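As structure tokens, the structure follows; a few thoughts come after it.
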Amino acid sequence: MSDASSLPVIIVGGGFSGAMLAARLAERGQASVLIERGDAFGTGVAYSTPNDAHRLNVRAGRMGALADRPDGFINWLRAHHPDQADPNGFAPRRLYGLYIRDRLATTEAAYPALIRRVNGVAIAVEKQAAILSTGERIEGRAVVLATGNPAPRTTPAGEGGRLIANPWTPDALTPIRPDDDVLILGAGLTMVDVLLSLSSQGWRGRATAVSRRGLLPRAHGSGHDAPVDLPPQALIGPLSARLFAARRLAEAHGWRRVMEGYRPITLDLWRAATEAERARFLRHLRPRWDVHRHRIAPEIAAELDRMLADGRLTVRAGRVRRVEASAEAATLRLTARDGAAQTLSAPWLIDCTGPGHDAATAPLTAALIAEGRARLAVSGLGLDLDEDGRVRHADGAADPALFVIGPPARAAFWETIAVPDIRQRIEALAARLTA
Ligand SMILES: Cc1cc2nc3c(=O)[nH]c(=O)nc-3n(C[C@H](O)[C@H](O)[C@H](O)COP(=O)(O)OP(=O)(O)OC[C@H]3O[C@@H](n4cnc5c(N)ncnc54)[C@H](O)[C@@H]3O)c2cc1C
């Protein structure tokens with residue numbers, strides 16, 4: 001039997017989180033096995049788009065893969081794509097994918113044999129092992145779930161016909177003809193991507209987007225917004241009082257600077273919150289938090305404004321009651337914010353509700369829960385994890401060798417979606433796994 005410390009760390013998922021964790025582990029002398037079911041390692045959903053209209057939603061100067069070198073990406077752009085090397089700009093996501101692949105390949109070359117890539121689907125996680133769909137069993141000293149952003153999930157009744165259930169699959173939008181109108185479920189970042197993709201293919205139709213609150217992502221400002229120092233009233237006490245204080249600050253300094261003020265302490269606030277406070281935040285404030293925190297490039301916001309002004313984009317607030325899709329058309333039945341029943345129909349319906357996280361039904365995690373090796377967080381945000389990202393068993397004990405990183409770790413870290421947040425988690429986990 002092998003000595004545990006000589007075994008590799010098994011990483012399930014080779015997107016940004018998994019690939020960059022493997023790179024950091026290699027730099028610390030720790031071997032890993034990186035399991036990815038898709039064709040490319042390092043890019044995941046976000047950075048595999050070939051469409052240069054799809055831009056980063058974080059300034060290039062802050063997108064470095066390493067926690068202590070936020071300028072890593074901008075330096076890479078200066079060397080490889082100097083025409084795109086604006087630290088304040090929002091580079092095409094395709095270039096970011098190339099940067100990540102480059103960093104992975106360079107690390108592999110510098111630390112030979114420390115990263116083993118496996119192209120396959122992990123279907124089960126056993127104690128310190130992952131099982132692939134081929135039946136292969138890969139043993140390691142620990143398993144890290146870096147399974148990322150699952151496809152959007154629409155109500156099962158809506159599947160088929162004119163419903164495009166996963167707009168992230170290549171060519172998903174090509175059946176849409178130039179003059180076809182579309183209904184869009186969700187009005188966030190995925191909707192923005194979809195509208196940009198449609199425009200790139202010469203689409204001239206009209207889009208109606210429906211979301212609970214009808215909020216659109218806000219735009220970044222023209223440059224970096226210096227964070228404001230938040231007073232105690234914005235940090236402690238009832239949520240309503242904090243919101244009031246934050247609004248007062250936003251009137252004085254601008255909302256972007258207030259959001260920047262919250263950025264470095266978001267994790268501390270999340271950890272300090274009770275389950276009841278988290279539930280209230282998720283129920284009442286989350287949609288507003290998301291649109292202010294995850295902003296879009298100003299030029300993309302201007303494009304959306306043009307579409308709104310031209311009547312080519314309409315955004316409605318409402319709760320979707322039923323989704324129907326036939327071979328000819330799609331229909332959404334919803335209850336508007338004022339309680340009125342509404343029916344919308346169009347030749348196409350596109351599910352842009354964003355990543356369909358559901359740890360209770362996803363095969364890997366559902367099995368762990370059924371065996372008592374994992375449990376769901378009270379917040380409903382996924383698996384319950386400890387402060388190191390270790391999976392908690394049904395009895396609350398943290399598994400010493402099973403970790404989650406990236407967006408599926410939201411229950412423990414809340415903001416663990418964008419690169420500047422994930423790279424901090426990678427650093428902490430790499431340190432822990434090599435301690
Ligand atoms: C469309 C989109 C655009 C974004 N744009 C930005 C941006 O501009 N800036 C920013 O900071 N953040 C952005 N994000 C946030 C994004 O979550 C992170 O930047 C980052 O890509 C997350 O990487 P990940 O590896 O955790 O997840 P993913 O990129 O989703 O990668 C997970 C990988 O795991 C694989 N996988 C899953 N299950 C299995 C299995 N059972 N077996 C084998 N492989 C498996 C998948 O194939 C996938 O490649 C964006 C997200 C999306 C969805």
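The values are calculated or read from the model by the stated rules, or taken from the named source; none is laboratory data. Note that the coordinates shown come from a computational prediction; the quantities given were computed from them, not determined experimentally. Reconstructed Cβ throughout: ideal geometry from the backbone, glycine too, with neighbour counts over all protein chains shown.
Structure notes:
- Whichever residue in the range 11-70 is under 25 Å from Ala85 (Cβ atoms) and assigned to a strand (DSSP E or B) and, among such residues, is nearest to the ligand (Cβ to nearest atom): Arg55
- Per the conditions (1) in the same structural domain as Arg37 (by TED's automatic domain parsing); (2) on the phi < 0 side of the Ramachandran plot, the sole criterion not satisfied by Trp414 is (2).
- Criterion violated by Val144 - all others in (1) over 20 Å from Met20 (Cα atoms); (2) in a strand (DSSP E or B); (3) within 16 Å of the ligand (Cβ to nearest atom); (4) not charged (D, E, K, R) satisfied: (1)
- Helices (runs of 4 or more DSSP H) fully within the range 160-278 that include at least 1 residues being more than 30 Å from Gly38 (Cβ to Cβ) and not assigned by TED's automatic domain parsing to the domain that holds Leu56: 239-253, 255-262, 266-272.
- Some residue of the range 1-8 being over 30 Å from Arg218 (Cα atoms), buried (at least 24 other Cβ atoms within 10 Å of the Cβ) and more than 11 Å from the ligand (Cβ to nearest atom): no
- Subset of the range 34-43 [out of contact with any helix residue (DSSP H, G or I) (no Cβ under 6 Å at 6 or more places or on another chain) and crowded, with 23+ Cβ neighbours inside 10 Å]: Ile35, Glu36
- Odd one out for Arg153, checked against (1) within 16 Å of the ligand (Cβ to nearest atom); (2) at pLDDT 95 or above; (3) surrounded by fewer than 20 Cβ atoms within 10 Å (Cβ to Cβ): (2)
- Some residue of the range 120-140 being surrounded by fewer than 19 Cβ atoms within 10 Å (Cβ to Cβ) and under 21 Å from Glu27 (Cβ atoms): no
- The range 390-433 - residue that is of a type in the set (Gly, Ala, Ser) and assigned to a loop (DSSP other than H, G, I, E, B) and, of those, surrounded by the fewest Cβ atoms within 10 Å (Cβ to Cβ): Gly396
- The residues of the range 81-100 that are assigned to a helix (DSSP H, G or I) and out of contact with any Pro (no Cβ under 8 Å at 6 or more places or on another chain), listed by number, are Pro82, Asp83, Arg93, Leu95, Tyr96, Gly97, Leu98, Tyr99, Ile100.
- Test: residue in the range 376-387 that is within 16 Å of the ligand (Cβ to nearest atom), assigned to a strand (DSSP E or B) and either in the same structural domain as Ala146 (by TED's automatic domain parsing) or touching a residue at least 12 places away in the same chain (Cβ under 8 Å) (or both): yes
- All positions within the range 321-335 that are surrounded by 17 or more Cβ atoms within 10 Å (Cβ to Cβ) and in contact with a Gly (Cβ under 9 Å, 6 or more places away or on another chain): Val323, Glu324, Ala325, Ala330, Leu332, Leu334
- Output for the range 162-184, where each listed residue is at pLDDT below 95 and either within 14 Å of the ligand (Cβ to nearest atom) or among the hydrophobic types (A, V, I, L, M, F, W, C) (or both): Leu163, Ile164, Ala165, Asn166, Pro167, Trp168, Thr169, Pro170, Ala172
- Condition met for Gly356 (within 16 Å of the ligand (Cβ to nearest atom), surrounded by fewer than 21 Cβ atoms within 10 Å (Cβ to Cβ) and not polar (S, T, N, Q)): yes
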